[in-house]
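Comments concern the structure below.
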Amino acid sequence: AAILLVLQYDDYKGWYQHSIFYPNIHKVTVKLSSAGLAYLKAQFVIMCMIAVVCVAGLLVLKNPYALLIGVGVAVFDAFPMLGSGLALIPWAVIGLFRGKIFEAAILITIYLCCIIIRQFVEPRLVGTGIGIKPFFMLLAFYVGLQVYGPAGFLLGPLSLVVIKSVVEVTRERKTP
């Protein structure tokens, strides 16, 4: 199917662009793509902030791989189902069992800082970049988790952005 689509791409593109729905669909997709770029930019900023916190904490522990581990934890944290706790909490528990209380305390502190950054900065950055108030973005995360389950962390805000884009295009069409 993909090969057939690629072979006849120009035909489909011409048909699509001459459709009566094209102007409205094009406006919505442009808004969605700009919202997607804003979301990715916000996630990158958050990932950098979490990497800095992780690297700083691991440098306090004099870990020789602080940069590598810190960036790795930040990348894990960018995925909704993984999170920074997947690496930091077991590491802290193992440190407690080994009697390294200072190490465990630093790791738990790093984890708490990552959670705080994610919970408070993400709705603000994502909401500002997309043009949605932080409260509604936070609400979209929560409703998305309730409606879609774990995938709702991404699908909730995505649904809000789609609805917002369709409403804006509809308003633009009605306004002379």
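Once the Cα-Cα distance is subtracted from the 0.36 nm per residue extended length, the ASP11 to PHE79 segment shows a gain of 20.7 nm.
Per residue, the stretch 1-123 exposes 66 Å² of solvent-accessible protein surface, assessed with a 1.4 angstrom probe and all protein chains in place. Label zone of LEU61 (point 7 Å out along Cα→Cβ, amide N under 17 Å): in the stretch 110-128 this covers 110-115. For the chain, the longest principal axis of the C-alpha atoms and the axis of helix 152-174 are separated by about 30°. Pairs of Lys residues in the chain, spaced 8 or more positions apart or belonging to different chains, with C-alpha separations under 15 angstrom: 5 in total.
Expressed as a whole percent, the accessible area of the chain that falls on carbon and sulfur atoms is 74 (1.4 Å probe). Among (1) 180; (2) 164; (3) 132, only one was calculated for this model; which label is it, if the read-out is volume of the Cα convex hull per residue in Å³? Among (1) 180; (2) 164; (3) 132, the one derived from this structure is (2).
Summed over qualifying helices (DSSP H, 4 residues or more, each -39500 (n - 2.57)) and divided by its residue number, the chain shows a 222 nm mean residue ellipticity of -27000 deg cm²/dmol. Relative to the longest principal axis of the Cα atoms of the chain, the long axis of helix 101-116 makes an angle of roughly 20 degrees.
All other residues whose Cβ lies under 11 angstrom from that of TYR111 are scored, Lys and Arg at +1 and Asp and Glu at -1, for a net of 0.
The values are calculated or read from the model by the stated rules, or taken from the named source; none is laboratory data. If you're wondering where the values come from, they're calculated on a predicted model, not measured in any experiment. Glycine also receives a Cβ, built like all others from the backbone with ideal geometry; neighbour counts cover every protein chain displayed. Protein only, heavy atoms only, side chains kept; ligands, DNA and RNA dropped before computing areas. Shrake-Rupley method; radii C 1.70, N 1.55, O 1.52, S 1.80 Å.
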